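Notes follow the structure.
Every number in this text was worked out from the coordinates using simple rules, so none of it is lab data. Please read these numbers as outputs of a predicted model, since none were measured by experiment. Backbone-built Cβ (ideal geometry, glycine too); neighbour counts: all protein chains shown.
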Amino acid sequence: MINRRVSLVLKIAIFATGCAGIVAEFVLSTLATYLVGNAVFQWTMVMSLMLFAMGLGSRLSKSFSKDLLDLFIIIEFCLSILCASSAVIAYGLFGYTSYTDLIIYITAMTIGGLIGFEIPVVTRLNEAYEELRYNIAEVMEKDYYGSLLGGLFFAFFALPYLGLTYTPIILGTINFAVASVLLFFFFKLVKRKKLVTAAFACTAIYLTGLAVLANPIIMFGEQKQYMDKVIYAEQTPYQKIVMTRFKDYYWLYINGQEQFATFDEERYHEPLVHPAMMLSNTKDKVLILGGGDGLALREIFKHDGVESVTMVDLDPAMTRLAVKHPILLDINEGSMLDKRLKVVNQDAAAFLKEDNTLYSVIIIDLPDPDTIDLMHLYSLSFYRLLARHLKEDGAMVTQATSPYFSQKAFLCILKTIREAGFNAIPYHNQIPTMGEWGWVLATKQNGLTQDKIKKRLMSLNFNNIPSKFINNDAVVSILHFGKGSISPQILKELSVNTKLNPVLHKYYRTGAWAMY
């Protein structure tokens, strides 16, 4: 009877550790993305190194042949401590070293090595209770099933509700619980009782202390990432949102990248919105893709004739924050509370495929194209889809990263929009906290060539707009570039960005951004 109980508990243990192991991989990959950047690269590196280390751990396990139950319990206690500490280690050292990625990789490999070590150990422990074909199949089966549960747990519960502070501690608790069950149910089978019991006590004390200290340590590391005082931080299923304050000014960051600073945000949002609103012959229906902070929306409502605005922003936490947080509500001047606004929390491309509305103005205020998963929102097919939703006398504008820090990416966006059938012009502005920034303005209006778009903009009266920055003189300035900024030769040599050939990501990553 005890044999069956041991076998059952071992299988439950491997199921639980399979769950904890895959979540540990996801936590470390997310940490690397948030702290270092480049999501695809970080997830690839962490997952690959972890799997490689599992192979090394599996190979190392063959050197051990005695006291396997003791060994398995000790491994679980080690995994408990390491998994629980993963976020604290990364955040705690973030302010003191530039090698955060290396620290995360080493942590990932150590956890992977221990996981790879424990699976053969469990298999060998269970071989006394089941024949080989059942033993291997069931041990691996439970590990894989645990991984599925871990993935669902991370995606739907851990990340959105526990964040990167307490998810690792939950992982550590799972491993600790597994080891504790084995220890107390089968204490008689343990050979080195004093050693294993001491490991149990030390791990329990460590996890308790970590649960108390984890949040202050992580907040310390979070603060080290920013020059100014962090006044708000939230990890959502989609991104990390942080607000900071310096004197009377506020900054908003998403995944560590500045979205705006109240010191100079009008130099971004006014050029983003007003040229397109003025160029369009009508302004009744406006679509915003992104812009969940409500600042672009604030500028839209300064124009007469706006009957409805549809805002499509993927993250409901961002649009909710813009409605409820007093600081954001003050900055966006309550624009998110306007009854003309309809908020849709959905991927922009998915929304456009389902929507049948024609819009007078489309404003695209999406994050920079710094990850592969954003490429479909800067692709040729996406801009063609936009064209089908824009009225013939309407106008479309998109933020297009920096023409200085990433010239090729900026020009690639311009070329891709023109390839989609738009008459499009680039323009730019200097934003002190962000550097030189660029946009692409486009229309389908007949007869409006690129030169005519510029002449028409310079003939319109921007002085009547209640603004802090933009006026007629500013429009003349933002429409003109210095030598070398818009190189026809470079533009000719660049490829169009498509879903199958996302060259924009390469152009962006090889720009001057790489120095920052």
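A few points about this structure:
- Measuring between their Cα centroids, the stretch 431-467 and the stretch 346-373 lie 21 Å from each other.
- Close amide H pairs (under 5 Å, H built 1.01 Å from N) link V343 with M311, residues at least 5 positions away or on another chain.
- Backbone amide hydrogens, once placed in the peptide plane, bring Y359 within less than 5 Å of L390, K391, excluding anything fewer than 5 places away on its chain.
- Sorted by Cβ neighbour density within 10 Å, fewest at the top, the residues H389, H274: H389, H274
- Taking a straight line from the alpha carbon of K324, these lysines sit under 23 Å away, with near neighbours fewer than eight places off in the same chain left out: K229, K240, K247, K302, K339, K342.
- Computed as a quarter of the hull surface, the mean projected area of the alpha carbon convex hull for the stretch 263-515 stands at 12.8 nm².
- Farthest toward the positive end of the dipole of the chain, out of F157, L328, L377, is the Cα of F157, where the dipole comes from beta carbon charges about the Cα centre.
- Cβ-based exposure ranking for Y145, Y91, in which fewest neighbours within 10 Å come first: Y145, Y91
- When the Cα atoms of the chain are aligned to their principal axes, the ranges along those axes come out at 89, 46, 42 Å in descending order.
- Annotation: lysines with alpha-carbon distance below 20 angstrom to K188 (same-chain offsets under eight excluded): K11, K66.
- Ranked by the mean number of other Cβ atoms within 10 Å of their residues, highest first, the peptides 423-435, 469-481 come out as 423-435, 469-481.
- Kyte-Doolittle mean at least 0.5 and Cα axial length at least 24 Å: DSSP H helices in the chain: 2-36, 39-61, 68-94, 100-126, 163-185, 193-225
- Shape category assigned to the stretch 365-516 from the gyration tensor of Cα positions, a/c cut at 1.5: oblate
- Sorted by Cβ density within 10 Å, fewest first, the residues R418, R456, R267: R456, R418, R267
- Other-chain or far-sequence residues with amide H under 5 Å of L366's (modelled H): Q399
- Within straight-line cross-link reach of K452, lysines at Cα separation under 23 Å, skipping those fewer than 8 residues along the same chain: K283, K391, K415, K444, K483, K492
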